[in-house]
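Enquirer: Supplied in structure tokens, the structure appears directly below.
No lab work stands behind these numbers, since they all come straight from the coordinates. Values in this document were obtained by computation on a predicted structure and should not be read as measured data. Quick reminder, even Gly has a Cβ in these numbers, built from the backbone with ideal geometry, and neighbours come from all protein chains shown.
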Amino acid sequence: MSKFSAAITAVGGYVPDYVLTNKMLEDLVDTNDEWITTRTGIKERRILKEDGKGTSYLAIKAAKNLIEKSGIDPKEIELVIVATATPDMKAASTSAYTATQIGAVNAFSFDLEAACSSFLYGMSVAARYIESGKYKKVLLIGADKNSSMINYKDRATCIIFGDGGGAVLFEPNKEGFGLQDEYLRSNGSGREFLQATYGGSSYPSTAEAIKEHKHQVFQDGKTVFKNAVFNMADVAVKILDRNNLTTNDVSWLVAHQANKRIIDATASRIDLEEEKVMMNIEKYGNTTSATLPLLLNDYESKLKKGDNLIFAAFGGGFTWGSIYLKWAYNS
Ligand code: UT7
């Protein structure tokens, strides 16, 4: 057992200015505001429009926001992890560019890719570095420019996804706050239901594939939905049981924002009242790796030292899991 636990000690976030509303989507695909709102809870999402700006732009902005708010010296950061499903480029690490741009000149860095569970898995990885006793400041960023892989003629995907970034700092804590337990899973038989088939190593992009939008995300929404509801609720129950927590002990559910109905189903399975469920899907849609840190950023002022947070996520692969974390500070 480590002498330290790994606590979140600062958060930051960023979303682009451009707002894509449900009404605007009505001009692009056969859909309507009422359908999107009732089936997903989403009203609008943010899109990074400028040419040549990728996920690192969102990651850098989120990290700079954290640095500014917390006043930490970026030179003290020892590791930068960028959790993302949409890295800037192949072969060149998004995290290396991000770390350099934020002035984390003494850090090493790597990208972590696990679809919508990237940030959740990243919390586990960041915590292990802290718990080892070797690292004192680990910056975990979740960022995705989903608009780079969305077909705005496909109503099954374009209504859901948005762009954004969020960042958290992990530091050692001797009072027992921070990450308490995790229950992480994956099942590769799910990958056929949510993927961008072309553009990776199995099927490099071809002119024909691009013409047919096969380099962009496809999903069998219903199957993903069913698996998300079952598995997110299942892991949330497991983590509560394993830690002898009752619903009354839970301060907040911090759930991946993919569809309000999935989040509601998870909350209902653990009998959690609506006031304890963090929700911002209406503003940003599904920002993939950024949903969890953007929730923390939006709710930071409401969080109190000692609050019990239950994180849950589900995504492509399939990948999913739950984390139990004790909040470490009052803002
Ligand atoms: O982060 C992890 C990744 N993604 C997810 O977790 C997403 C999981 N899936 C979902 O959120 C939902 O499945 C969707 C929002 C994608 C779709 O909602 P749904 O309630 O599963 O709808 P559906 O696919 O069962 O379709 C119901 C009806 C169909 O019409 P008919 O056959 O009943 O006449 C669809 O054609 O709604 C129609 N439909 C739409 N109508 C208006 C499907 N998409 C749309 C749309 N606008 N955008």
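Enquirer: Report, to two decimal places, the Cα Rg of segment 179-326 normalised by 2.2 N^0.38 Å (N = number of residues).
Expert: 1.15
Enquirer: Among the trypsin sites (Lys or Arg not before Pro) in segment 228-331, which ones are in a DSSP loop with at most 14 other Cβ atoms within 10 Å of the Cβ? Mind listing them?
Expert: Lys304, Lys305
Enquirer: Please go through segment 156-196 and write out the trypsin sites (Lys or Arg not before Pro) that DSSP classes as loop and that have at most 10 other C-beta atoms within 10 Å.
Expert: For trypsin sites (Lys or Arg not before Pro) across segment 156-196 that sit outside H, G, I, E and B with at most 10 neighbouring Cβ atoms in 10 Å, the list reads Lys174.
Enquirer: While we're on this one: Could you list, bin by bin from short to long, the percent of Cα-Cα pairs of segment 216-275 in 5 Å steps?
Expert: Spelled out per bin, shortest first, that is 4, 17, 29, 22, 13, 7, 5, 2, 0.
Enquirer: I'd like the GluC sites (Glu not before Pro) in segment 272-331 restricted to DSSP loop residues with at most 12 other Cβ atoms within 10 Å, sorted by number.
Expert: Hits after loop and neighbour filter: Glu273.
Enquirer: Something else about it: For the chain, just the Cα set please: Rg and Dmax, both in angstrom.
Expert: 18.7, 58
Enquirer: Only Lys, Arg, Asp and Glu count, each charged at its Cβ (+1, +1, -1, -1), so figure out the dipole size of the chain about its Cα centre, rounded to 20 debye.
Expert: 480
Enquirer: While we're here: How high is the FRET efficiency between Thr38 and Lys3 when r is their beta carbon distance and R₀ equals 45 Å, given to the nearest 0.05?
Expert: 0.35
Enquirer: Any chance you could check the Cα centroid distance between segment 280-325 and segment 164-226 for me, in angstrom?
Expert: 15
Enquirer: Looking at Val19, Val138, Thr38, which one has the Cα that reaches farthest to the positive end of the dipole of segment 6-143 (charges on Cβ: Lys, Arg +1; Asp, Glu -1)?
Expert: Val138
Enquirer: Looking at this model, which pairs from Lys23/Lys153; Lys145/Lys211; Lys174/Lys305; Lys69/Lys90; Lys238/Lys276 are more than 25 angstrom apart at the alpha-carbon?
Expert: Lys69/Lys90
Enquirer: Translational diffusion coefficient of segment 70-190 at 25 °C, 0.890 mPa s, Stokes-Einstein with Kirkwood Rh over Cα pairs, in µm²/s as a whole number.
Expert: Rounded to a whole number, D works out at 156 µm²/s.
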